[in-house]
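Okay, so here's the structure we're looking at.
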Ligand SMILES: [Zn+2]
Ligand SMILES: [Zn+2]
């Protein structure tokens, strides 16, 4: 089973509809689902803020049940009835939990000058006169005081 999702996932900066496929099994009156989602996301690089497009692949196993006692287990989705398969909810939560917190345009991204914001990838020799105290320096001082 593979089709385009009609889900509205606005606010997540997804570029295209989410592609998903899933296998569904009936086990002891519950439904067990192997879900796999693929989607593209556009998000700023964590260091230089340049927009980055990334393809995310994510899969997991979800148990869909009407049994409230299973509610506190991991990957359990509690539903009122199994007659209506909670397709949107499963796909949505899989996307939500797999959206990367930090994306880098490149593992070697040099980021921005902490003083003036110049892109250090484009100007590797850039150096600001008034460097001031970098966030790392002030952190170091904090630890020195404690020691
Ligand atoms: Zn970057
Ligand atoms: Zn600078």
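Annotations
- Nearest-0.05 FRET efficiency for residue 70 and residue 19, computed from C-beta distance (R0 35 Å): 0.75
- Spatial separation of Cα centroids for region 88-117 and region 52-72, in angstrom: 20
- FRET efficiency estimate (nearest 0.05) - Cβ-Cβ, residue 57 to residue 79, R0 25 angstrom: 0.40
- Between residue 110 and residue 129, the contour length at 0.36 nm per residue exceeds the Cα-Cα span by 5.0 nm.
- Peptides ranked, highest mean first, by Cβ atoms within 10 Å: ranges 15-28, 53-66: 53-66, 15-28
- Three-way shape call for region 2-98 based on the alpha-carbon gyration tensor, with the a/c threshold at 1.5: prolate
No lab work stands behind these numbers, since they all come straight from the coordinates. Model, not experiment: these values are computed from the prediction. Cβ: placed from backbone, ideal geometry, glycine included. Neighbour counts: every protein chain shown.
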